[in-house]
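Reading through the structure tokens given below for one structure.
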Amino acid sequence: MTKFLSPARRFAGLLALIFCVSASLSQAQTAMIPSPPELAVKSYVLMDADSGEVLASDNPEERLHPASLTKMMTAYIAEVELAAGNIKMDGQALISKKAWSMGGSTMFLEVGDKVSVSDLLHGIIIASGNDASVAMAEHIAGTEDAFVQMMNGTAKRLGMKNTHFANAAGWPAQDHYSTAYDLALLAAHIVKDYPENYPIYSQKYYQYGVDKRTGEPLDRQANRNSLLWTNPYVDGLKTGHIEATGYHLAVTGKKEGQRLIAVLLGAKSEKQRSEEAQKLLTYGFRFYENVDIKKGGEALQTTKVWKGSVNEITLGIDKDLIVSVPRGTGKNLKASMEVDTPLIAPITKGQKVGTVKVTQDNNVIKEVPLLAQQAVDKGAFFKRLWDSIVLFFTGLIK
């Protein structure tokens, strides 16, 4: 005997089928993103520069000697000092015997020379000059030891929790270490904090000095980041090598508005570190995208303030909220705001008063603080008294 379903049941069954197919397609879309490539390095991190999210990693917190990736911090502090007006690009640094005597890669400084900060900065970033790094440290802080204190203080401020520096050049030392993750954090600050200086990192060559015998300019030195020649999207950052831990690379590139940072530590050769970095950048650009959720500094919501000199304030976030997600899944994102209520004065500008949450398929994938955009002082006595009565009888406060 054949059974006939009612129209209502047939409709319900159709909805269920559509839901199952939709869920299956969504899962299939997510499943299409492969695992990150297996890389022949000791540790690595692939980070999105704008969202700050780690897209792929292996042993990201393993402490290793960073070699010349140390110079990223030396150059960054120089940029901090330039922005603060403590040093100037055309300022002259006196080259000490200690700076001149540094071995390894150099920019061929001479004792007693006066060299501009601009030349030293180029020498650090492009030629990876150990002599330039020590000279910059002495110019900024008087001694390299004092500069190292600045390096470690800056590392702490940037959130580099597994980093400690012992010198400005990345010279072999016992208590000198960092991680792929910490160096990616530093790289993100180099890119974003002082964009006016960042083009130095993409320069392929730098020439400094003259041959004392002939008076002819010395040969120009090539940037050791070979991806500047082979990958059209790459525009920085720094290479490093030390026998104890191998060949390192911090590299960044920008494609269609998305900037990725890759830090690889412990490759076996220059060729290998470049090849592995290329794999990692290709993976990130191919399979991930950024979604702008909310703009920093804009008023996102107006809310009631109790017992204050004003009755309401606007709320927002301090910087753009950007989320990195598997390519093609950004349309599933939702943002919501949760305000800590009741808001009672006094309130300081920038005070956390709630949370902005980003969800995807009902899973929270990112949270950032919701902040007061104005300060609010306490209101007059009778205003505070009246608000206290209202709060009590409305049950908002007990």
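Here are the numbers:
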| item | result |
| --- | --- |
| Subset of region 54-69 (residues that are not polar (S, T, N, Q) and not in a loop (DSSP other than H, G, I, E, B)) | Val54, Leu55, Ala56, Asp58, Leu64, Ala67, Leu69 |
| Condition met for Ser324 (among the small types (Gly, Ala, Ser), surrounded by fewer than 17 Cβ atoms within 10 Å (Cβ to Cβ) and outside the structural domain of Gly257 (by TED's automatic domain parsing)) | no |
| Region 275-295, residues that are over 17 Å from Asn225 (Cα atoms), touching a strand residue (DSSP E or B) at 6+ places or on another chain (Cβ under 6 Å) and either crowded, with 17+ Cβ neighbours inside 10 Å or touching a residue at least 40 places away in the same chain (Cβ under 8 Å) (or both) | Gly284, Phe285, Tyr288, Asn290, Val291, Ile293, Lys294 |
| Residue in region 172-179 that is of a type in the set (Gly, Ala, Ser) and over 20 Å from Ala137 (Cβ atoms) present | no |
| Residue match in region 295-317 (condition: closer than 26 Å to Gly328 by Cα, of a type in the set (S, T, N, Q) and part of a strand (DSSP E or B)) | no |
| Residue within region 29-37 that is assigned by TED's automatic domain parsing to the domain that holds Met151 and in contact with a helix residue (DSSP H, G or I) (Cβ under 6 Å, 6 or more places away or on another chain) present | no |
| Residues within region 158-193 that are of a type outside the set (Asp, Glu), on the phi < 0 side of the Ramachandran plot and within 13 Å of the chain's Cα centre (by Cα), tallied | 14 |
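Results for (1) of a type in the set (Ser, Thr, Tyr); (2) in a helix (DSSP H, G or I); (3) in the same structural domain as His248 (by TED's automatic domain parsing), shown as yes or no for each residue.
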position: Thr106; (1), (2), (3): yes, no, yes
position: Gly112; (1), (2), (3): no, no, yes
position: Ser118; (1), (2), (3): yes, yes, yes
position: Asn162; (1), (2), (3): no, no, yes
position: Gly170; (1), (2), (3): no, no, yes
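The values are calculated or read from the model by the stated rules, or taken from the named source; none is laboratory data. Every value quoted in this text rests on a predicted model; they were computed, and no experiment measured them. We place every Cβ from the backbone using ideal geometry, glycine too, and count neighbours over all the protein chains shown.
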